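To start, the structure under review is shown below, and the notes come after it.
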Amino acid sequence: MPEPQSKFSVRRCLTFATGLLECLCFAGAVFGWAALVFVLKEDRYFSSLCVNGTGVNGTRTLDCSAQDEQFSLIFTIASFMNNFLTLPNGFLFDRFGTTVTRLYGIFLYTMGTLMVAFSSSALAYLLFPALSFLAVGGILLLMTNMQVGNLFGSRRSTIITLYNGAFDSSSALFLIVKLLHESGVSLRAAFLFLSGCSVIHILRTFFLLPRNLIPYPLPDRYTYGASCGKSVTASAEVAANGEALPAAEETPLTNNAPGKQGPVFNKKHKDYYLHISFIWRRFISFCCFTAFNNFVSLFALSEKTFRECLLSRFFLWHLLWLSVMQLRHYLFIGTLNPMLQRLTGGQPSLVSQYTNAFAITQLCGVLCAPWNGLIMDRHKGKPRAAGETEQEADLRASVLSLFLTALQCVLFSLCASTPYLPLQYLTFILQVLNRSFLYGGNAAFISVAFPSCHFGKLYGLVMALSAVFSLLQYPCFALVKGPLGGDPLYVNVGLTLLSVFAFIHPVFVYMHCRNLASERAKSKASS
């Protein structure tokens, strides 16, 4: 019999908990770049770019602006790849499901950690592909985990935002690497350990996640993951994967199954043989039937609906909302080390202290993000107005979330623009709060405003287009280092003014919901 479908069944809780740990410990490590830069400078990466210069009073100083530009370029490329490749990865996820997407992401993540492990000051250019692999692999782990929210119905948005908060908090991983490095653990040993952790990701892929996608709303008697010793009927397979398997796969995995018997084994060996045989047949059928059918259906069945989503004002304003705030965050993270160098007068102990403070505050992302989900889910369980759909209620609930996220970004940008060192503690707090709301709200809004069958594609597309916009961070950095003489005031003021445009999105969603309510009232009055 299929496993009991309790909302809080053991398997679903394990899936949720292990997914949360995966996002918290690995997925967004690349955004702890400021802590890793401190370690890389200690290990003299790109140190050949530092040149002797002359200070204001004719004193000899070491000018490492070219080294800082190189580190900024690495992060710019990695953050761009993190977002831009989410588009093809979203198509991959929608078409080929969870298993294929995760195996691809785990491969990239492992390659990234190995490249960092075997890099050195002489092979510093390995950091360019390594950080990009870490970024893309990490976002794939997040993308495949966000669907777990579909298992928890009324708390769907809360789970999605919680996973995004864990993704933000995982940037503290590089703080741990920094602290270990100060204790004598080499960079190579730390990243070889991270490479070995990929075994955990692989085991979770096969035993605690479905082969394809988790549907929403969740069908009755839904099962997923490895079910050794359980019967797998045709109806259960259709419910789990949304497609019928070939006739050869409809035979239950029981000892009394009719048909031709194989070699005589004892019961334990026979069950093991049948289970391995069943998994192999499923894999072959997946490769032969799913790939072609899904590729054709991408264009034959859903092109029109996807195009309508793409050209809607919801998508365009949401893209603007995400892009302007994401650019502000990326520029802040990519230039944090040079900013601290400038505000502390180059004192290594103070730079290390504030870098640690920034990384520690990132751990709070997992605590901040669920509040955004609770804001979006606050209407669940309450009676809706007559004629109001669930999607309309979700959109109405998202207005406050979108508005608060934009407001947080403006406040964060104002604090970051103030050249006062102690104020940066407040900047760090506002940054992690806003970033948790930003990415959790981004995924949650796409999940409620558009059909679930297009979630991967739309999520990937909005991240890819916002990545193109985020490329402006490197020209901004070059502008500060060049014509502005290291003073980022004018760039910060410009970015703060640009962040104000993010308020357009919540205003538009609010007007849309008000128009729907007005039309519904007129229709009721006329009838």
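Annotations
- 3J(HN,Hα) from dihedral phi, region 442-450, Karplus parametrisation 6.51/-1.76/1.60, rounded to Hz, x for glycine, proline: 4, 5, 5, 5, 4, 5, 9, 8, 10
- In order along region 423-430, the Karplus-derived 3J(HN,Hα) couplings, from 6.51 cos²θ - 1.76 cosθ + 1.60 at θ = phi - 60°, round to 5, 5, 4, 5, 4, 4, 5, 5 Hz, and Gly and Pro are given as x.
- With a 1.4 Å probe rolled over the protein heavy atoms of all chains, the accessible area of Lys457, Lys524 falls in the order Lys524, Lys457, largest first.
- When the Cα gyration tensor is reduced to axis lengths a ≥ b ≥ c, the ratio a/c is 1.5 or higher for region 433-482, and with a/b not above b/c it is classed as oblate.
- Cα gyration tensor, region 396-476 - rounded (a/c under 1.5), prolate or oblate: oblate
- Using θ = phi - 60° and Karplus 6.51 cos²θ - 1.76 cosθ + 1.60, couplings along region 337-346 (whole Hz; Gly, Pro as x): 4, x, 5, 5, 4, 6, 6, 9, x, x
- Other residues with beta-carbon under 13 Å from the beta-carbon of Lys481 carry, at +1 per Lys or Arg and -1 per Asp or Glu, a net charge of -3.
- Heavy-atom accessible surface of region 359-514: percent carbon and sulfur, 1.4 Å: 76 percent
- Each of Phe469, Leu438, Ala449 was placed along the dipole of region 407-527 (beta-carbon charges, centred on the mean Cα), and the one lying farthest toward the positive end is Ala449.
- Of the chymotrypsin sites (Phe, Trp or Tyr not before Pro) found in region 372-453, the ones in coil according to DSSP and having at most 12 other Cβ atoms within 10 Å of their Cβ are Tyr420.
- Distant-in-sequence amide contacts of Asp63, defined by a placed amide H-H separation under 5 Å and a gap of 5 or more residues or a different chain, comprise Val51, Asn52, Gly53.
- Cα shape, region 332-426, gyration tensor, a/c 1.5 rule: prolate
The values are calculated or read from the model by the stated rules, or taken from the named source; none is laboratory data. What you see is a predicted model, and the numbers here were worked out from it, not measured in a lab. Backbone-built Cβ (ideal geometry, glycine too); neighbour counts: all protein chains shown. Accessible surface is based on the protein model in full, side chains and every heavy atom, while ligands, DNA and RNA are left aside. Shrake-Rupley method; radii C 1.70, N 1.55, O 1.52, S 1.80 Å.
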